[in-house]
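Structure first, then comments.
Read-outs throughout are calculated quantities, based only on the coordinates presented, and are distinct from any laboratory measurement. On a predicted model such as this, the values are computed, not experimentally measured, just so you know. Virtual Cβ from ideal backbone geometry, glycine too; neighbours counted across all protein chains shown.
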There are 2 protein chains.
Amino acid sequence: MSAQRLTQGTRSLILQAAFEIVCVYGFAGVTLGHLARKVGMSKSGLFAHFKSIEQVHLALIAYAVDVFRSDVILPALDADEGLPRLEATMSKWLEWTARPGTFGGSPLIAGFFEFDDREGAVRDSLLEQEVAWRDHLRQLVAATVATGTFRQDLNSEQFVSELCGIYYSFHVSARFLRSPESRATALLAVDGLLNRAEVGTRH
Amino acid sequence: MSAQRLTQGTRSLILQAAFEIVCVYGFAGVTLGHLARKVGMSKSGLFAHFKSIEQVHLALIAYAVDVFRSDVILPALDADEGLPRLEATMSKWLEWTARPGTFGGSPLIAGFFEFDDREGAVRDSLLEQEVAWRDHLRQLVAATVATGTFRQDLNSEQFVSELCGIYYSFHVSARFLRSPESRATALLAVDGLLNRAEVGTRH
């Protein structure tokens with residue numbers, strides 16, 4: 001195995017460990033000390049891979065975005081364009097959050113609250129990802145307008161903002177309140193949002 | 001001034017500093033070291049007032065709840081029972097979050113994401129406060145049903161969950177995305193939620 005492949009493997013292990021930490025403790029918990037203990041390396045060993053904790057945080061965001069893309073965005077592309085694809089995306093999104101264990105709970109969302117009043121590269125990166133995700137959702141909504149399912153005059157910004165709200169409420173209900181009703185409540189809210197967007201409905 | 005009043009005054013100063021920290025850095029940022037630097041005391045000086053950082057976090061939750069009560073819950077009681085009081089509460093809630101500076105951004109909400117996968121007294125206290133707040137919102141909804149404005153068959157759990165979602169989305173939009181449209185978007189979503197709950201509307 002080449003030295004480069006070994007380095008890549010170690011880097012992946014570090015990011016996997018960082019991902020497990022951020023899911024439980026947020027970005028504030030991803031410190032060099034915590035990470036070094038978890039992967040069984042010295043802090044100086046970590047420095048061979050990442051020059052600062054900020055570099056870890058930025059790589060972690062890219063890593064989480066990759067997981068999100070392969071678990072949520074890509075599988076939904078199998079569904080037909082328009083409403084089926086929008087529904088598949090929303091369903092995968094809710095599923096991802098509710099998954100027990102470390103790979104769930106959308107670590108980036110906790111970051112929205114951690115970095116709302118702080119400046120810097122981590123905030124900028126989180127913001128860029130969230131803007132891209134909302135753009136993706138808006139495109140799915142626009143496609144559902146184009147296929148004739150949703151009203152032509154639908155305000156897609158408003159739709160996406162309300163959809164994100166339903167998602168955040170689901171996240172809090174499922175993972176913080178741990179309510180057994182969280183999924184049913186979210187699906188009912190999503191149904192209402194979709195129905196109100198459809199052609200021929202009052203709005 | 002008595003020794004007890006001096007102690008109370010110092011305790012308030014410490015909690016005020018902790019509140020300013022939590023608004024920006026979350027609970028993870030409220031460490032004994034950070035707090036000692038901010039109030040200009042030694043860590044051992046802090047220990048005379050709080051036996052552990054967990055005690056600080058618990059006192060901070062109680063402090064934030066007091067601020068929330070006097071800024072949001074109590075002023076809304078001036079409005080008439082039913083829809084006016086529900087609307088006044090929602091309006092004060094949104095206003096509180098959007099306020100620039102330290103007294104805004106509902107520090108407890110960041111805690112929902114920080115403590116979703118962690119156990120302990122801080123989580124338990126945050127949970128208790130959130131359950132109480134949702135109970136308060138449900139009572140306001142029930143009163144709006146009782147005054148005949150909202151439908152008798154309204155699902156108040158669902159209503160409160162969707163309202164919280166609108167609030168979380170507003171919080172992210174105003175404080176993380178820093179969108180100038182955040183308030184208008186939230187008010188439009190709230191209007192829709194209220195209209196759908198009213199007597200004589202389709203649901």
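Using a Gaussian network model of chain B in which every pair of alpha carbons under 10 angstrom is joined by a spring, one finds that among B:F19, B:F113, B:F50 the greatest mean-square fluctuation is at B:F113.
Helical runs assigned H by DSSP (4 residues or longer) give chain B a calculated mean residue ellipticity at 222 nm of -22500 deg cm²/dmol, each run adding -39500 (n - 2.57) before division by the residue total. In sequence order, the stretch A:65-79 has phi-based couplings of 5, 4, 4, 4, 5, 7, 8, 10, 6, 5, x, 5, 5, 5, 6 Hz under the Karplus curve 6.51 cos²θ - 1.76 cosθ + 1.60, θ = phi - 60°, and Gly or Pro positions carry x.
The mean number of partner chain beta-carbon atoms within 10 angstrom of a residue's beta-carbon across peptide B:117-125 is 2.
When A:R151 is represented by a point 7 angstrom out along its Cα-to-C-beta vector, the spacings to that point in the other copies are 1.8 nm, nearest first.
The Cα center of the stretch A:149-164 and the Cα center of the stretch A:1-70 differ in position by 37 Å. Sorted shortest first, the separations between the B:S91 label point and its copies elsewhere in the assembly read 4.2 nm; each point sits 7 Å from Cα along the Cα-to-Cβ line. When each of the peptides B:54-66, B:176-188 is scored by the mean number of other C-beta atoms lying within 10 Å of its residues, the order from highest to lowest reads B:54-66, B:176-188.
Spin-label model, B:V199 to B:T7: label points 7 Å out along the Cα-to-beta-carbon direction sit 5.6 nm apart. Measuring nothing but alpha carbons in chain A and taking Rh as the Kirkwood radius, the Rg to Rh ratio lands at 1.04.
Neighbouring Cβ atoms from other chains, within 10 Å of the Cβ of residues in A:191-199, number 1 on average.
Give the calculated FRET efficiency between B:D191 and A:E20 to the nearest 0.05, with a Förster radius of 51 Å applied to their Cβ-Cβ distance. That gives a FRET efficiency of 0.75. Taking the label point 7 Å along Cα→Cβ, A:L74 and its counterparts in the other copies are spaced 5.6 nm apart, in ascending order. Residue-wise HN-Hα couplings along the stretch B:28-35, as the Karplus relation 6.51 cos²θ - 1.76 cosθ + 1.60 with θ = phi - 60° gives them from phi, are 4, x, 7, 9, 4, x, 4, 5 Hz; Gly and Pro carry x.
Here B:K51 is the anchor, and the lysines within straight C-alpha reach of less than 20 Å, apart from those fewer than 8 places off in the same chain, are B:K38, B:K43. Summarising the amide proton neighbourhood of B:F150: residues at separation of 5 or more, or on other chains, whose placed amide H is nearer than 5 Å comprise B:V145, B:V199. Once you sort the root eigenvalues of the Cα gyration tensor of the protein assembly as shown as a ≥ b ≥ c, which label holds: rounded (a/c under 1.5), prolate (a/b larger than b/c) or oblate (the other case)? Oblate, since a/c reaches 1.5 and b/c is not below a/b.
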